[in-house]
Amino acid sequence: MRHGNESLKAGHIENSISKKIALAYDLQSRYSKTLLQDEKIKNLLFQLDKNIEVTWKEMEFIGVVKECNDCALNGGGSCCGAGMEKNYDSILLFINLMLGKTLPPDSYDPNSCYFLSGQGCVLMARQVICVNYLCQRICKNIQQEKLIRLQKIAGEELKTLFLLEEYIKKKIRLTQKIYKT
């Protein structure tokens, strides 16, 4: 396990999802207690949780969830293909731990994204591509106005996630500096 500033860089350098998960759990054990006492982090986590819920409700309401389920079951494909997990870093996985999620020790299906289970994605906080991607099928079957509204809603989720990620990185760097002096 890397320490110091290397722990922040490791999630961006490592390709192995198991190493990223291990680093996320290491970040949780070293920083969670301190970070969860920070009011800004508590507020951003709360806001992110609400934004994620609103995004999923809109996806359900306009039919995106139905289209995705039908495609996965009958369409012969899934956007959550093998290798998508490479887009995740240890900080984003750490945020999922802070939101109360558990990271799987193994892939559910080696032909799909590491985080895709039989009930959907096991993550709450997801990468931009996972939140924002609209395939041709969805664009064809759902009215453009509804998709524009969805993207505005998802944009709030992604903005909050970005602010949280950056603030956590800053706080971890400051904490590391305090312990070094």
Hey, among the residues in the stretch 14-28 that are assigned to a loop (DSSP other than H, G, I, E, B) and within 18 Å of Ser112 (Cα to Cα), which one's modelled with the highest pLDDT? Ser16
Residue pairs meeting the criteria (Cβ under 7 Å; at least 6 apart or on separate chains; first in contact (Cβ under 8 Å) with a residue 12 or more places away in the chain, in the stretch 54-66; second of a type in the set (Asp, Glu) and in a helix (DSSP H, G or I)): Thr55/Glu157
Can you confirm whether Cys71 is surrounded by 13 or more Cβ atoms within 10 Å (Cβ to Cβ) and either within 15 Å of the chain's Cα centre (by Cα) or without any contact (Cβ under 8 Å) to a residue 24 or more places away in the chain (or both)? no
Matching residues, the stretch 82-124, being within 22 Å of Lys50 (Cβ to Cβ) and among the aliphatic types (A, V, I, L, M): Ile91, Leu92, Leu93, Ile95, Leu97, Met98, Leu99, Val122, Leu123, Met124
Those residues of the stretch 92-117 which are more than 12 Å from the chain's Cα centre (by Cα) and among the aromatic types (Phe, Trp, Tyr) amount to Tyr108, Tyr114
Collect the residues in the stretch 30-85 that are of a type in the set (D, E, K, R) and not in a helix (DSSP H, G or I), keeping them in residue-number order. Asp38
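One line per residue, one yes/no per condition, for (1) closer than 25 Å to Ala72 by Cα; (2) touching a Phe, Trp or Tyr at 6+ places or on another chain (Cβ under 8 Å); (3) of a type in the set (A, V, I, L, M, F, W, C):
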| position | (1), (2), (3) |
| --- | --- |
| Cys135 | yes, no, yes |
| Ile138 | yes, no, yes |
| Ile142 | yes, no, yes |
| Leu150 | yes, no, yes |
| Glu156 | no, no, no |
| Thr160 | no, no, no |
| Leu163 | no, no, yes |
Consider the stretch 125-145. How many of its residues are surrounded by fewer than 17 Cβ atoms within 10 Å (Cβ to Cβ) and either closer than 24 Å to Asp49 by Cβ or touching a strand residue (DSSP E or B) at 6+ places or on another chain (Cβ under 7 Å) (or both)? 5
Applying the selection to the stretch 43-77, what residues are modelled with pLDDT of 95 or more and among the β-branched types (Val, Ile, Thr)? Ile52, Val54, Thr55, Ile62
Go through the residues of the stretch 114-123 one by one and say whether even a single one is in contact (Cβ under 8 Å) with a residue 40 or more places away in the chain, more than 18 Å from Ile41 (Cβ to Cβ) and out of contact with any Lys or Arg (no Cβ under 6 Å at 6 or more places or on another chain). yes
Which one of Leu174, Leu150 is farther than 26 Å from Ile17 by Cα, touching a helix residue (DSSP H, G or I) at 6+ places or on another chain (Cβ under 6 Å) and in a helix (DSSP H, G or I)? Leu150
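The values are calculated or read from the model by the stated rules, or taken from the named source; none is laboratory data. A quick note: this is a predicted structure, and the numbers were derived from the prediction, not measured. Because the Cβ atoms are built from the backbone with ideal geometry, glycine has one as well, and the counts that use them run over all protein chains shown.
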